[in-house]
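The values are calculated or read from the model by the stated rules, or taken from the named source; none is laboratory data. What you see is a predicted model; the values in this text were computed from it and never measured. Cβ atoms come from the backbone with ideal geometry, glycine included; neighbour counts cover every protein chain shown. The area values use the complete protein model at the heavy-atom level, side chains included, leaving out ligands, DNA and RNA. Shrake-Rupley method; radii C 1.70, N 1.55, O 1.52, S 1.80 Å.
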Amino acid sequence: MASRRTQVPYRMHRSPRERQARSQAVQRLAEQAMLRGSLVQMQRTCGKKGCHCQKGEKHPALCLSIRWGNQRKMIYIPRALEETVRRWVETGRQVDGLLDAISQECLETLLAKKKETLARKRKEQPP
């Protein structure tokens with residue numbers, strides 16, 4: 001069984017930016033609800049005869065566009081839940097941004113290690 005040291009680098013081996021991004025992501029995930037999606041303002045008709053929406057002045061409706069499995073879904077959000085859903089979507093965006101930052105840091109580490117590995121290989125090869 002591999003030791004923890006070989007599986008995951010210790011925190012001190014990570015850059016300060018990566019450590020901070022990881023810490024913030026974990027904190028947000030632990031403390032706040034989140035949704036990965038977008039809020040879309042739609043215009044709809046209600047179907048009631050004689051309503052102004054039948055004549056072209058449609059009702060505003062807020063929908064959450066979200067991926068559900070392999071499909072995109074539009075979920076109507078009642079006014080009473082609008083602020084809650086807005087906060088959850090914003091938390092999702094923040095976490096996505098933090099994950100992008102972590103990924104970028106890891107990519108930079110990978111490219112540096114790749115460069116070191118290729119340089120070491122060139123030194124070991126006979127001329």
Original post:
Taking segment 60-104 only, how many residues are open to solvent by 70 Å² or more (accessible area, probe 1.4 Å), touching a residue at least 24 places away in the same chain (Cβ under 8 Å) and within 30 Å of residue 13 (Cα to Cα)?
Top reply: 1
**OP:** Please identify the pairs in which a residue from segment 43-59 that is within 16 Å of residue 78 (Cα to Cα) has its Cβ atom under 7 Å from the Cβ atom of a residue that is assigned to a loop (DSSP other than H, G, I, E, B) and open to solvent by 80 Å² or more (accessible area, probe 1.4 Å), counting only partners at least 6 apart or on another chain.
**Re:** 43/58; 44/58; 45/58
